[in-house]
Every structure is written in structure tokens, then in C-alpha cells.
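> Okay, here's the structure, questions in a sec.
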Amino acid sequence: MNEPLSVGVLGYRFMGKAHANALARLPMFFPDAPDVERRVLVGRDEGALADAVEELGFEEYSTDWEDVVGDVDVFYNLGPNAIHADPSVAALEAGTAVFCEKPLAHTMADAERMRDAARNSTAPAGIAFNYRFIPAVRYAKRLIDSGELGEIHHVRGSYLQDFLADPETPWSWRLDADVAGSGALGDLGAHTLDLTRFLVGDRTGSIESVRGQLRTFVDERPVSGGDETRPVTVDDAYTAQATFENGAVGTFEASRFATGHKNDHSVEVNGSKGSLRFSIERPNELEFLGPGDSGFQTIMVTADEDPYLEQWWPDGHVLGWEHTFVHENYEFLSDVAHGTSAESSDRPSGDVPSFEDGYRVQQLLAAIETSDETGERIDVS
């Protein structure tokens with residue numbers, strides 16, 4: 001038997017819990033997944049780390065990522081955006097596989113450095129665009145790739161949340177441009193832009209140009225546990241218009257001020273023969289309109305012939321947000337175990353988004369920011 005893959009994880013809060021949960025579930029639901037050893041958890045707060053190690057099922061902890069990146073088989077970088085680059089590059093240079101949260105980096109320079117490190121390494125490097133791994137999204141891609149929608153004319157994507165709508169919501173690192181890079185644009189828009197590339201890119205070609213605007217609605221926020229405030233230096237919302245190589249047009253937006261929306265990530269694609277639309281608030285449903293239909297029909301994507309679903313529950317038993325992490329971890333770790341994407345295997349996809357994908361999305365984020373600054377449409381090279 002092959003030795004288990006030893007895993008080090010930087011980050012132990014929201015995303016750390018999501019990925020630790022996925023790693024724990026893999027052997028129960030995906031018997032062909034590689035064995036994984038949750039070796040070491042990395043962070044700065046030793047007291048919190050000691051508790052998190054026990055809670056998340058790791059063997060030990062470290063307060064220095066440099067001691068970890070060359071000593072494990074796989075390094076998960078789930079930290080704030082500004083610390084994506086250095087640990088990831090060091091791990092890849094050491095021959096360690098890397099799985100990084102999105103967006104790839106907080107600046108184009110760091111994104112380019114990470115992309116180049118992945119190109120020059122023999123180790124796999126993946127980025128966590130988990131919405132690619134929803135069965136209904138996979139179903140949508142099959143419909144688009146097979147030509148069921150015809151020539152693609154319109155793409156609409158939005159990601160709406162309201163967790164910052166209250167101006168008294170405390171300041172966090174996500175509101176600091178030096179750490180996060182951008183706000184709703186990078187945090188939420190990165191998902192939408194990647195999902196667009198994934199779903200329609202083979203039919204429309206790349207996005208050639210964008211025009212965008214960013215807005216910040218609350219300029220400073222209180223710091224938890226004190227009387228001081230700190231400035232908000234990122235956007236609270238963005239909108240963008242895009243043109244694709246085939247002439248199709250795209251409209252995108254994200255907001256963390258969209259009152260009433262908790263985690264509403266939706267996409268709609270209109271073609272010459274039909275349309276489809278999807279929202280993560282109803283993750284097991286895909287709305288589809290084909291030739292001759294008088295209106296959208298709702299397809300319940302809960303049958304075992306759909307990707308990943310035979311691994312879970314009987315037909316009709318729904319999956320949710322957390323399952324996307326199990327699916328992406330399964331695919332990425334299978335790639336690591338095989339040394340590359342295993343296109344010849346029986347796995348549902350083998351299509352793990354790469355650092356190259358993350359870099360292409362970063363280009364779009366940067367172009368939207370530049371458009372907002374200049375007031376001009378920006379060509380995306």
C-alpha cells in the first residue's frame with residue numbers, strides 16, 4: 001500500500017474547518033481517495049492552535065510555516081490573501097504539492113510569482129474554486145459543452161451577501177487592502193469569474209475586455225473590544241461588464257451589502273437555442289430552457305448518475321455547500337497521489353483549477369480595478 005499523504009494546513013478558522021471536515025470525510029464516502037494524515041496545523045496563536053489541533057484532528061501544530069512546507073507531502077494555504085505567495089512558492093520549490101484558497105494573491109505581482117512557481121515545479125498546485133464541484137454545475141457544463149444552448153450570447157453572474165450591511169459590524173483583515181487586496185471583488189467576484197470561465201470558456205473564448213466600478217459604502221468600522229475604529233480600504237461592492245472573444249457579453253456583480261442575501265451565488269447563461277440558471281441557495285437545482293420550451297424547467301440534480309452523487313446518499317437526498325469541499329479535496333489529492341491529473345481514471349472530473357486558472361482570474365480582477373480607477377474599458381491581455 002502507498003504511504004498516506006501527510007498534510008500541513010495554514011489556517012484553522014472558517015476555511016480550516018471546512019477543509020479539515022472534508023479530509024475527515026474522504027475515506028468514509030470516497031473509498032478510492034488516497035489515505036491522508038492530518039499532520040500539522042499552522043497559525044500564530046499558540047493557545048488557539050492547541051485547541052484547534054484537537055478539534056480538527058491534527059497531530060501537532062507549528063507557529064512557523066517555514067518549518068512545515070518542506071516536511072509534508074501537501075501544504076494547504078488557507079491564510080489571508082497577503083500570505084498566499086511566500087509559503088506557496090516555498091512549498092512548490094521544495095517539491096511539496098500546494099492547495100491555496102482564492103483569490104490566488106492580493107496583488108498581480110504575487111499572483112505572477114505563484115503561477116511561475118507552479119509552472120517550474122513538478123508538484124501539483126491547485127486553487128480552491130469549490131463551486132466548480134457542485135453536481136448541478138457539472139450538469140450545466142455538460143449541457144453547454146454539448147451545444148444544448150447553441151451559441152452563447154449572454155452570461156450573468158452575481159454573488160450577493162449582506163454581512164457588512166450593518167455599519168457597526170467590526171473591522172477585520174478582509175477590509176484592509178494591504179492584506180486582502182480587494183473586497184467583494186476578490187472575495188466573491190473571483191468565484192463568479194472562475195465559474196464563468198469554467199462553464200462557457202470553451203464556447204465563448206476568453207474575456208477580452210472589461211469595464212468596472214467599485215464602491216465602498218462605509219469608510220471606517222469599529223474594532224472589536226475597543227473604542228477605536230479602523231479605515232475600510234477595499235470595495236464593498238463591484239459591477240462589471242465584459243466582452244468575450246466570440247462577441248458574447250457578460251454582466252457581473254458582487255456585494256457584501258445586499259440586504260437579505262446571505263450567500264447567493266448565481267449564474268445565468270443565455271444561448272441561441274436555450275438558457276440555464278443556477279443559484280447556490282438552491283444547490284441541487286438547475287433551471288433549464290431548451291428549444292421549444294415555453295419556460296424554464298427545474299431539474300433536480302440528485303440522482304446517482306450525476307457526478308459525485310453515487311458516493312453519497314440515495315436518489316433525492318440533497319447535498320450542500322460543505323460537500324463541495326469534499327469533492328475538490330478528493331480531486332486534488334487524487335491528482336497528488338497520481339502525480340498529475342488522472343484523465344484516464346474513473347473519477348468524475350480530474351479537472352482541478354490550477355494556479356494558471358487563478359492567475360487568469362487575477363488578471364480580470366486587476367482589469368476591473370484599473371477600469372474603476374481610469375473610467376475606461378480595459379483590454380485583458
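> Compute the semi-axes of the equivalent ellipsoid of the chain, taking the square root of 5 times each eigenvalue of the Cα gyration tensor, and list them largest first in whole Å.
31, 28, 20
> Cross-link list LYS102/LYS262; LYS17/LYS102; LYS17/LYS141: which exceed 22 angstrom alpha carbon to alpha carbon?
Values: LYS102/LYS262 19 Å; LYS17/LYS102 16 Å; LYS17/LYS141 29 Å.
As for pairs spanning more than 22 Å Cα to Cα, those are LYS17/LYS141.
> Another question about this same structure. Cα extents of segment 95-171 along the three principal axes, largest first, in whole Å?
Principal extents (Cα only, largest first): 47, 42, 23 Å.
> Largest first and to the nearest Å, give the Cα extent of segment 1-132 along each principal axis.
Cα extents, longest axis first: 38, 36, 29 Å.
> Still on this structure, I have one more. Please state, rounded to one decimal and in Å, the Kirkwood hydrodynamic radius that segment 91-237 gives when every pair of distinct Cα atoms enters the mean of 1/r.
Result for segment 91-237, one decimal place: 17.9 Å.
> Heavy-atom accessible area per residue, segment 107-183, 1.4 Å probe: how many Å²?
Normalised by residue count, the accessible surface of segment 107-183 is 39 Å².
> Right, next: Compute the distance from the alpha-carbon center of segment 26-86 to that of segment 271-305, in whole Å.
The distance from the Cα centre of segment 26-86 to that of segment 271-305 comes to 38 Å.
> Explain nothing, just the number: relative contact order of the chain, from Cα pairs under 8 Å at least 6 residues apart, as a whole percent. Each step should come with its number before you reach the end.
Values: 827 pairs, mean separation 72.5, N = 381.
It rounds to 19 percent for the chain.
> Kirkwood Rh and Cα-based Rg: tell me the resulting Rg over Rh for segment 237-372, rounded to two decimals.
So for segment 237-372, dividing Rg by the Kirkwood Rh gives 0.99.
The values are calculated or read from the model by the stated rules, or taken from the named source; none is laboratory data. Please read these numbers as outputs of a predicted model, since none were measured by experiment. Remember, those area values only see protein heavy atoms, side chains included, never the ligands or the DNA or RNA. Shrake-Rupley method; radii C 1.70, N 1.55, O 1.52, S 1.80 Å.
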